[in-house]
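Engineer: This is the structure I have questions about; it appears just below.
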Amino acid sequence: MKTPKIFESEYRFCLLLWAHEPIKSGELAALCKEKLGWKPTTTYTVIKRLSERGVLKNENTVVTALVTKEQVQTAELDEMVEKTFEGSLPAFIAAFSRRQTFTDAELDAMQSMIDSYRKGEKP
């Protein structure tokens, strides 16, 4: 199943949901008012829209996510690499690393991921 597209404001909403789920829709509306400055009607509209797209479910006023943060991040990154770097992961990594300074621990972690992939394992 393809991960549904989640837009920026929806992603900020989902971050709150993932941190507090399962959560009653009224509590989520109060949280969105506090953290995002949204009116309750905005929150309920977003709940309905994301429910229709298969991102979350709202049963008996309890809201839970149907996709994980990692799934959404992966889908977003895949789309960006495809669109911006013509699907080339090495081109993406080259562009990303031009502006970054990596610690030895970060380089070790990346090397460990590469080694795992070479062995046919997924981290």
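Engineer: Name the residue that is surrounded by the most Cβ atoms within 10 Å (Cβ to Cβ), counting only residues in region 53-76 that are over 16 Å from the mean Cα position of the chain (by Cα) and of a type in the set (D, E, K, R).
Structural biologist: Of region 53-76, the ones over 16 Å from the mean Cα position of the chain (by Cα) are 57-63.
Applying the additional criterion that residues be of a type in the set (D, E, K, R) yields 57, 59.
Working: Lys57: 14, Glu59: 9.
Filtering first and then ranking leaves Lys57.
Engineer: Counting only residues that are closer than 13 Å to Glu10 by Cα and basic (Lys, Arg), which one in region 36-50 is surrounded by the most Cβ atoms within 10 Å (Cβ to Cβ)? Don't jump to the end; show me each part of the working.
Structural biologist: The first filter runs over region 36-50 and keeps only residues closer than 13 Å to Glu10 by Cα, leaving 36, 38, 42-50.
Filter once more, so that each one left must be basic (Lys, Arg): 48-49.
Details: Lys48: 12, Arg49: 14.
Once the filter is applied, the top-ranked residue is Arg49.
Engineer: Name the helices (runs of 4 or more DSSP H) wholly within region 61-123 that hold at least 2 residues that are of a type in the set (D, E, K, R)?
Structural biologist: Values: elements: 69-85, 89-98, 104-118.
It comes to 69-85, 104-118.
Engineer: Residues of region 29-52 being charged (D, E, K, R) and within 17 Å of the chain's Cα centre (by Cα), which ones?
Structural biologist: Filtering region 29-52 down to residues charged (D, E, K, R) leaves 33-35, 39, 48-49, 52.
Residue satisfying the conditions is Arg49 alone.
Engineer: OK, next. List every residue pair whose Cβ atoms lie under 6 Å apart, where the two residues are 6 or more positions apart in sequence or sit on different chains, the first residue falls within region 15-38 and is within 17 Å of Thr64 (Cβ to Cβ) and among the β-branched types (Val, Ile, Thr), and the second residue, located anywhere, is outside any helix (DSSP H, G or I) and modelled with pLDDT of 95 or more.
Structural biologist: Short answer, once both residue conditions are applied: Ile23/Val63.
Engineer: What is the one condition in (1) on the phi > 0 side of the Ramachandran plot; (2) in contact with a Leu (Cβ under 8 Å, 6 or more places away or on another chain) that Val81 does not satisfy?
Structural biologist: Condition not satisfied by Val81: (1).
Engineer: Which count do you get for residues in region 79-111 that are polar (S, T, N, Q) and exposed (fewer than 10 other Cβ atoms within 10 Å of the Cβ)? Outline the logic, then answer.
Structural biologist: In the first step, residues of region 79-111 are kept if they are polar (S, T, N, Q); the result is 84, 88, 97, 100-101, 103, 111.
Now drop any that are not exposed (fewer than 10 other Cβ atoms within 10 Å of the Cβ), which leaves 100-101, 103.
Here the count works out to 3.
The values are calculated or read from the model by the stated rules, or taken from the named source; none is laboratory data. Quick caveat, the model's predicted, so the values are computed rather than measured. Heads up, the Cβs are rebuilt from the backbone with ideal geometry, glycines too, and the neighbour counts pull from every protein chain shown.
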